[in-house]
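Shown next, in C-alpha cells, is the structure this report addresses.
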Amino acid sequence: EPEVTQTPSHQVTQMGQEVILRCVPISNHLYFYWYRQILGQKVEFLVSFYNNEISEKSEIFDDQFSVERPDGSNFTLKIRSTKLEDSAMYFCASKRPNYNEQFFGPGTRLTVL
Amino acid sequence: DQQVKQNSPSLSVQEGRISILNCDYTNSMFDYFLWYKKYPAEGPTFLISISSIKDKNEDGRFTVFLNKSAKHLSLHIVPSQPGDSAVYFCAARSGSRLTFGEGTQLTVNP
C-alpha cells in the first residue's frame, strides 16, 4: 500500500541554523500538508499546499517557514533560522483530489539545541 | 486551542468488549470529522471518517457516530482486540486544515 515517506527520521540542529525537512507524498495525491506536534501537546496544522501554492497557513507558519515542491515527487518544509521552540515532531500529509482523508507520514523529529 | 477536545486521556477495556472513545467540538464550521490511530514513533494512521451531514458511518469493527446538536462524536470499536491498543485522535476539518484533539490512550487487555 502506498505511503507518505519522510526524511530524515531525526534531525538535530543548532539554534539559528536552517533545516529542510523532506517528504514524498503518495504518488496520485495533489494536496499536501505539514503539521507538527510539540512534546505533550496536540498535533497542530502548519500549512496546506495545492497547485504549487499555499492554500492555507496557520498563525505558527510565519516568515521563518517556507514550503516547496521542487520536483514531481518531493515536498519540503524549510525553517530558516531555527529556535528552541521549533523542537517538535513534524508530520507531512497528503490527500487525493475529491477525497477527504489526509494520510500522514511517520514524522521527522526535530531537536533544536 | 480548545476547539476539539478529548476529555479522557486513557481508556482500558477487556478484549472482546466494546471500546467507546469520545470527542467534543465547539466550531460549527467543521464539515468533516476523522479518527486516527497512532503508535509510538509513527505518524497518525487514518481509521474512519464522517461527513457533518451524516450521523453514522460504519467500517468493519469501527463505527463513528456524530451528534451535531451536541457537537459530539464517538468512535465505537467492537469487539476490541489487543492490537487496537494505541492513541486515538479525533480530528475536525474546516477549510483545508485538520484540528486535532489531545488523544486518548486505549489499552485492550487480553
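Quick note: the coordinates plus some simple rules give every number you see, no bench work behind them. Keep in mind the model is a prediction, meaning the values are calculated, not measured. Reconstructed Cβ throughout: ideal geometry from the backbone, glycine too, with neighbour counts over all protein chains shown.
None of A:ASN28, A:ASN51 is of a type in the set (S, T, N, Q), more than 14 Å from chain B (Cβ to nearest Cβ) and out of contact with any Cys (no Cβ under 6 Å at 6 or more places or on another chain) except A:ASN28. When residues in the stretch A:35-48 are screened for being more than 13 Å from A:PHE104 (Cβ to Cβ), among the charged types (D, E, K, R) and more than 8 Å from every other protein chain (Cβ to nearest Cβ), 0 of them pass.
Inside the stretch A:55-113, can you point out the residues that are assigned to a strand (DSSP E or B), loosely packed, with under 15 Cβ neighbours inside 10 Å and not small (Gly, Ala, Ser)?
Answer for the stretch A:55-113, where residues must be assigned to a strand (DSSP E or B), loosely packed, with under 15 Cβ neighbours inside 10 Å and not small (Gly, Ala, Ser): A:GLU68, A:LYS78, A:THR111.
Checking each residue in the stretch B:62-97 for being farther than 15 Å from B:VAL13 by Cα, more than 13 Å from the chain's Cα centre (by Cα) and not small (Gly, Ala, Ser) picks out B:ASN67, B:LYS68, B:LYS71, B:ARG93, B:ARG97. Among the residues of the stretch A:10-54, those that are assigned to a loop (DSSP other than H, G, I, E, B), within 21 Å of A:PRO97 (Cβ to Cβ) and of a type in the set (S, T, N, Q) comprise A:SER27, A:ASN28, A:ASN51, A:ASN52. Once the stretch B:54-107 is narrowed to residues that are within 14 Å of chain A (Cβ to nearest Cβ), of a type in the set (Gly, Ala, Ser) and closer than 16 Å to B:THR26 by Cα, the residue that is surrounded by the fewest Cβ atoms within 10 Å (Cβ to Cβ) is B:GLY95. Among the residues of the stretch B:41-79, how many are assigned to a strand (DSSP E or B) and in contact with a Lys or Arg (Cβ under 6 Å, 6 or more places away or on another chain)? Matching residues across the stretch B:41-79 total 4. Against the condition exposed (fewer than 13 other Cβ atoms within 10 Å of the Cβ) and either within 21 Å of B:GLU42 (Cβ to Cβ) or free of Cβ contacts under 8 Å to residues at least 60 places away in the same chain (or both), how does A:GLU44 come out, does it pass? In short, no. Return the residue satisfying two criteria in turn: it lies in the stretch B:28-53 and is surrounded by 13 or more Cβ atoms within 10 Å (Cβ to Cβ) and farther than 23 Å from B:SER85 by Cβ, and of such residues it is nearest to the other protein chains (Cβ to nearest Cβ). Taking the candidates together, the pick is B:TYR32.
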